[in-house]
Each structure stands twice: as C-alpha cells, then as structure tokens.
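Notes follow once the structure below has been shown.
No value in this document is a laboratory result; all are computed from the given coordinates. No experiment lies behind these values; they were computed from the predicted model shown. Please note: Cβ atoms are built from the backbone with ideal geometry, for glycine as well, and neighbour counts cover all protein chains shown.
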Amino acid sequence: MNEHVSKNPVGKYIVAAIPLVLFLALVFIFYKQLSSGINPNKLPSVLINKAAPSFPAEPLVGLKVDSVQLPPVSKELISNKVVLVNVWASWCVPCRNEHPFLTRLAEIRKSLLMVGINYKDKNPNALRFLGGLGNPYAAVSIDPNGSTSIDWGVYGIPETFILNKSGTIVYKHVGPINEAILIQKILPIIDAELAK
C-alpha cells in the first residue's frame, strides 16, 4: 500500500512553492517601482533637445481667418520662432478640457506661435470643434492616419511640445494642460525661450 507514496516528498514541496516564490518576486518588483519616486505618468521623450520631426503637409481645409485658408504647419513657418505644437482631435474629451487654456495662452503670449496637428479626425468635426471653442492656432496640419504623430513620439492625445527658435524640442507635455500646468510649467519655459 505504501508503494504509491512518493519516494521524494521534498520535491512535491519545491514544485508547490514555485508559484509562491514567483508571486513574492513580483510583489517585490512592484514595490520597488512604486517606492522609487519615479512618476509613472511622466513618459520620457527621446526627442527632447533634438530637431522637431517633419509636419503633415495637408492643412485643415476650411479653417479660415478673415476668409483666408490657414496654412499647414511647416518648417518654413516655424523658422526662428518659439513654437507650441499641440496634437489634438475633436473626439478627444481631454482636448476639449484643455482648449480654454490654449486659447488663453494664445491671447497672453502673442509672440508665441501656436500650431496644431489634428490627429485621426474628420475635417467637419475638427472645424466644428474650433468653430465652437475658438481657434488659438496660426496653422493646423491634419494627420488622418497618425503616421506623423508616431514620428513625434505621441503616446496619446492631447500632447504638447515646445520648440525653441532653432526648431529643437525643449519640452513635451503628455495629457491635457490645465491652469496649474500652464502657470507652473508651460509659461516659464515659453518665457525663457522668448527671452533668448
């Protein structure tokens, strides 16, 4: 009757302990990440201090100021200017929430060139969005399939970049801009770049 009893009971305990050891290892790893002080919402960008990638060539057709079609964003347009590039879409709720702060920024920093990249949107919806909320942009390009936004390292919208007068990305913000971010982060960087 004892012939069916395992000859190595220690082996059973080792096999049974493997899931527990793996679980404890994962708990340790998660604890180290959480206690490291690294902000998990801050996504690093390899583009900081590098030249801005190219912009989509197509304008948001129908977006006009004084009956004149606004141009698409281009390297020529942004040359020798401090530029805020905002990636947005009409279907993006956080984009709608940040829009009043972008409009306010355009009003209080006239020497800043603010441009937009309309991400995976439909022209009529984008025009309705800007028509209803106001247009803070001097130029808007459309990125209907998101390929240019990938070059910019866009993780999700809204995302905002600040370029210096040389066309180098000096700052990236992931997520919507609110009053605190505008005052504490965006304006100091813009003002420092405008002063150069």
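In this rough spin-label picture, where each label sits 7 Å from Cα along the Cβ direction, the V27-D191 distance is 4.9 nm.
Largest mean-square fluctuation among F23, F55, F161, in a Gaussian network model of the chain whose springs join Cα atoms under 10 Å apart, belongs to F23. The string of couplings for segment 50-58 from the Karplus curve (6.51, -1.76, 1.60, θ = phi - 60°) is 10, 4, 4, x, 5, 9, x, 7, 8 Hz, one whole number per residue in order, with x for Gly and Pro.
Over the residues of the chain, the helix contribution to mean residue ellipticity at 222 nm works out to -11000 deg cm²/dmol, using -39500 (n - 2.57) for each DSSP H run of at least 4. Each of T103, I190, N135 was placed along the dipole of the chain (beta-carbon charges, centred on the mean Cα), and the one lying farthest toward the positive end is I190. Farthest toward the dipole's positive end in the chain, which of G175, S74, P59, given Cβ charges of +1 (Lys, Arg) and -1 (Asp, Glu) about the Cα centre? Projecting each Cα onto the dipole axis, the largest value belongs to G175. Computed from the Cβ-Cβ distance with R0 of 35 Å, the FRET efficiency linking I48 to I18 stands at 0.25. Averaging Cα coordinates gives a centre for segment 69-124 and one for segment 157-196; these two points are 12 Å apart.
The charge dipole of the chain, taken about its Cα centre with unit charges on the Cβ atoms of Lys, Arg (+1), Asp and Glu (-1) only, comes to about 300 debye.
Note on the chain: Kirkwood radius taken over Cα pairs, Stokes-Einstein applied at 37 °C and 0.692 mPa s, translational D equal to 170 µm² s⁻¹. When the chain is treated as a GNM, springs tying every alpha-carbon pair under 10 Å, which of L102, L20, L63 comes out with the largest mean-square fluctuation? Highest fluctuation of the listed residues: L20. Helix 93-108 versus the longest principal axis of the chain: what angle, 0 to 90°, nearest 10, using Cα atoms? Approximately 40 degrees, to the nearest 10. For the residue pairs K110/K185; K120/K165; K75/K172; K75/K120; K64/K185, alpha carbon separations beyond 25 Å are given by K120/K165; K64/K185. Mean-square fluctuations from a GNM of the chain, with a 10 angstrom spring cutoff on Cα atoms, peak among K110, K185, K120 at K110. Looking at the chain alone, DSSP beta bridges between its own residues are antiparallel in about 55 percent of cases.
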